[in-house]
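Undergrad: Please read through the structure below; I'll follow up with questions.
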Amino acid sequence: MYQQNQPGYSINIQVYCKQINGLRYGLNYQLIVFTKDPDGVFQEFKVIDPLKFDLYQGQQFIGQCQANLGEIIGDKQRIFYLSDLMNQRNGMISFKTERSKENIQKIKFDIYLQLNNSLFQSLLSLFKEQQSVSLILYKKIPNKQVILQTEAKQKQLQMNWKRIETSFEILCDNDPLQSIYCEVIQHEGFNQQSLGEFEFWKYQIDKNVNMFNITNLNNEIIGRSMIDQFEYDVEGQFYNLIQQGTQLALIIAIDFTESNKNPYNDESLHSIKKESQYLQAIEQVANILMDYDSDKKIPMYGFGGIPNYLQNYNKHCFPLQGEAHSLDDIKKIYEYSVKNIKFDGPTCFNPMIRQAMKWAQEDLNVNGNQYFVLLILTDGKYMDEDQTIVSIVDAGKLPLSLIIVGIGDSADLKAMDKLDGNNGLQDTLGRQAQRDLVKYVHYNQVKNDQGKLAKELLDELPKQLVLYKNQKK
């Protein structure tokens, strides 16, 4: 058994071997795990660095296989094959993963205090430069149990303690209705006294309730507190969800509008004479996401074109010819499509987004174990902005993220920044997006750094999935 460690999170990996030639029973064997990371096998979701497993019996090399963390966790039924020194198959290896019992879901947050001015002045002494304040977080079940005490800060009307790190398991046994207390302690020399305290609950934090009154022993309000910049250990939560059965379902949507130019032209963004930026971007993202999709079925769609292989279709959302189960399939389908679709227009996103929303809702109605990722690749401005934003706001309630890759150098690509909801997204009905579910990257800005596109595009996806799951609780 090998343990994959991350900050606040660990995965136990059990390895099973069978049908191995040359293995003599009754003798010990050794499994050696190699990784690029000298400190262990920590891997980010958005990075592919394979682990190498070498099997030995004594000094005898039996076989080797490679697998990255996504392949191991994302597909529980997958079988890997050991290869000997002659690169011939020599048995099979499979993995079983489970969350370590020692796992604690870490949280981080800031606490801000503002004391009433009258109280602040009354408590000042001749030695005010020696006065400081610290916080004690504790619970009362069964008796008062101090969880942690912050450092003491010089007493002021406004104070803050940043990046306090603990867990709800420690603070309240992960019970959303169990009280958590924070006591405000004043220090002066060797003396200290309690100024007051405030009480909060996990369910309030989960619902973004973060302002609390500080009261003293006489139940008088002496100030206000705010818990800010709260965040879960997203990477750990993401792997928990994957281990519990959540699958990522990739959908690919490709722009076939005439602004891409004729594919037989060297200047075309879909040029058949070289590997296009469209295909490069698709392969980098699909290479990671497919590891977390057990059925490996990837719907591929086009928009803005006229396919010669279909009679009844919506040119803003039509299926490409063929079924994709691998990167090779994706490449073949793409290359066939470029030659068999007449580039037209205009560019519209909403029909494709609505199709992805339909699939997400259908899965939610059945079992809800899939999280859909719509990868849109486009070269220019979309013409249905209002409808698109309405759909994105609606999609906040569904298991869906949008990844948009801008291809080429068109100035119209700047319009995509509006959809990336880091600054909030509001539709024409005045509704605010419940969560950020869109990530946009301009391909030309990252194309010269191998792997950077996938890192940029997938950086927010684990957080988006976790936030969706948390809001459904």
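Undergrad: When a/c reaches 1.5 or more, the comparison of a/b and b/c decides; with that in mind, is region 106-232 rounded, prolate or oblate per its Cα gyration tensor? Don't skip to the answer; put the middle values down first.
TA: On the way: a/c = 1.80, a/b = 1.74, b/c = 1.03.
In terms of gyration-tensor shape, prolate.
Undergrad: Calculate, for Gln192 and Asp228, the FRET efficiency according to 1/(1 + (r/R0)^6) with r their C-beta to C-beta distance and R0 22 Å; round to the nearest 0.05.
TA: E(calc), rounded to 0.05, equals 0.30.
Undergrad: Assuming 0.36 nm per residue, please report the length gained on full extension of the stretch Gln145 to Lys273 beyond their Cα-Cα distance.
TA: 39.1 nm
Undergrad: What is the sum of charges, Lys and Arg at +1 and Asp and Glu at -1, for the other residues whose Cβ falls under 12 Å from the Cβ of Tyr309?
TA: Net local charge, Tyr309 excluded: +2.
Undergrad: Let me ask you something else. Expressed in nm to one decimal, what extension gain is obtained for the pair Asn314 and Lys162 from 0.36 nm per residue of sequence separation less their Cα-Cα distance?
TA: 49.5 nm
Undergrad: Let me ask you something else. Defining a contact as two alpha carbons under 8 Å apart and six or more residues distant in sequence, what relative contact order in percent does region 333-473 show?
TA: That works out to 22 percent.
Undergrad: Still on this model: Fully extended, how many nm does the chain gain between Asn117 and Gln243 (0.36 nm per residue separation, minus their Cα-Cα distance)?
TA: Gain on stretching Asn117 to Gln243: 40.2 nm.
Undergrad: Oh, and also: FRET efficiency for Lys153 and Met211, Cβ-Cβ distance as r, R0 = 25 Å, nearest 0.05?
TA: Once rounded, the FRET efficiency stands at 0.75.
Undergrad: With charges set only on the Cβ (+1 for Lys and Arg, -1 for Asp and Glu), what does the dipole of region 246-472 come to about its Cα centre, in debye to the nearest 20?
TA: 300
Undergrad: Another question about this same structure. Take the residue pairs Lys418/Lys463; Lys297/Lys331; Lys52/Lys469 and return only those whose Cα atoms are more than 24 Å apart.
TA: Table pairs above 24 Å Cα-Cα are Lys52/Lys469.
Undergrad: Given charges of +1 on the Cβ of Lys and Arg and -1 on the Cβ of Asp and Glu, with all other atoms neutral, how large is the dipole of region 106-232 about its Cα centre, in debye to the nearest 20?
TA: 100
Undergrad: Thr257: net charge of surrounding residues, Cβ under 9 Å, Lys/Arg +1, Asp/Glu -1, itself excluded?
TA: Charge balance in the 9 Å sphere: -4.
Undergrad: Take the Cβ-Cβ distance between Asp386 and Arg89 as r, set R0 to 56 Å, and report the resulting FRET efficiency rounded to the nearest 0.05.
TA: It comes out at approximately 0.50.
Undergrad: Moving to a separate point now. Under the rule a/c < 1.5 gives rounded, and otherwise a/b versus b/c splits prolate from oblate, where does region 246-472 land using the Cα gyration tensor? Mind dumping the intermediate values first?
TA: Numbers: a/c = 1.43, a/b = 1.32, b/c = 1.09.
The shape class here is rounded.
Undergrad: With charges only on Cβ, +1 for K and R and -1 for D and E, what is the dipole size of region 317-394 about its Cα centre, in debye, rounded to 20?
TA: 200
Undergrad: Turning to a different aspect of this structure: Which part of region 358-396 falls in the paramagnetic zone of Asp412, meaning amide N under 11 Å from the point 7 Å along Cα-to-beta-carbon?
TA: Correct set: 379-384.
Undergrad: Could you tell me the relative contact order of region 140-299? Use alpha-carbon pairs under 8 Å, at least six residues apart, and round to a whole percent.
TA: On the way: 148 pairs, mean separation 18.4, N = 160.
The normalised contact order for region 140-299 reaches 11 percent.
Undergrad: Taking the Cα of Asn340, stepping 7 Å toward and past its beta carbon, and measuring to each backbone N in region 251-266: which are under 17 Å?
TA: Counting only backbone N, you get 254, 256, 263.
Undergrad: Additional query: With labels modelled as points extended 7 Å from the Cα through the Cβ direction, what inter-label distance (nm, one decimal) is found for Glu283 paired with Ser179?
TA: Label-label distance for Glu283 and Ser179, simple model: 6.2 nm.
Undergrad: Find out how many positive minus negative residues lie around Ile141, taking Lys and Arg as positive, Asp and Glu as negative, among other residues whose Cβ is under 15 Å from that of Ile141.
TA: Local charge sum for Ile141: 0.
FYI, it's all coordinate maths here, none of it is from the lab. Just so you know, these numbers come straight off a predicted model, no measurement behind them. Neighbour counts run over all protein chains shown; Cβ positions are idealised from the backbone, glycine included.
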